Amino acid sequence: MQQLISWQTASLPHIVTAVKSRMRQVAWRRLGPFGLSPQQYQLIMAVAEKDGRCQGDLATCTWMDKPTASRILRTLQDRGLVRAEPDPSHGKRVLFHLEPEAKALLESLHGFRQYMRDGMEQGLNLGERDQLRKLLASVMDNLDRMEAELSQPSPRTKK
């Protein structure tokens, strides 16, 4: 039985975590019959939106760390959904391209993004949607700042 939560008093990190978890659960249920995870779908869509992206760009645009993106891209290659080719202008870079099977799969999933968007925004008017986007962008800016601060070398304390 699911525990009732008072969203008015829950912490922002708790609410964001819960929303992300539920969003992934819904996505898994829609994508599962197609043999895709939400992260695999994100990467395939990123390649479809801009063919010939490198792994670093794909990781960045999907908010994944590079090792996770690398592992998922390898799985997609093994399934014959994407192919990797050396970048002719950069010796170490690899570029990713959709295979025909992925294009057919995406055609089958044509309405998935709209389904998620419409379902999540249901009951919100245009002003509320805009306000929510702005608020979440501010939260993301704060998290980016926090991440940057953590990436800076910390001063050593002397004893």
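Read the figures in this text as sums done on the coordinates, not as results from a lab. On a predicted model such as this, the values are computed, not experimentally measured, just so you know. Cβ placement follows ideal geometry from the backbone for every residue including glycine, while neighbour counts extend to all protein chains displayed.
For the chain, lysine pairs with C-alpha atoms less than 29 angstrom apart, excluding pairs fewer than eight positions apart on the same chain, total 12. Count Lys and Arg as plus one, Asp and Glu as minus one, and take only other residues whose Cβ is under 12 Å from that of residue 109; the net charge is then +2. Only helical runs count toward this figure. For the chain, summing -39,500 (n - 2.57) over DSSP H runs of n ≥ 4 and dividing by all residues gives -19500 deg cm²/dmol at 222 nm. Computing Rg/Rh (Cα atoms, Kirkwood Rh) directly from the structure and comparing it against (i) 0.92; (ii) 1.07; (iii) 1.04 singles out (iii). Counted as membrane-span-like here are DSSP H helices of the chain whose alpha-carbon atoms extend 15 Å or more along the helix's own axis and whose Kyte-Doolittle mean is -1.0 or above; these are 12-31, 38-49, 66-78, 126-151. Between 52, 75, 151, the Cα set farthest toward the positive side of the dipole of segment 1-153 (charges on each charged residue's Cβ, about the Cα centre) is that of 75.
Computed about the Cα centre, the dipole magnitude for segment 30-110 is approximately 200 debye when only Lys and Arg (+1) and Asp and Glu (-1) carry charge, each at its Cβ.
Dipole orientation for the chain: of the candidates 10, 105, 124, 10 has the Cα lying most toward the positive pole (charges on Cβ; Lys, Arg +1; Asp, Glu -1). Amide H contacts under 5 Å for residue 82: 77, 99, restricted to partners 5 or more places along the chain or on a different chain, H placed in the peptide plane at 1.01 Å from N.
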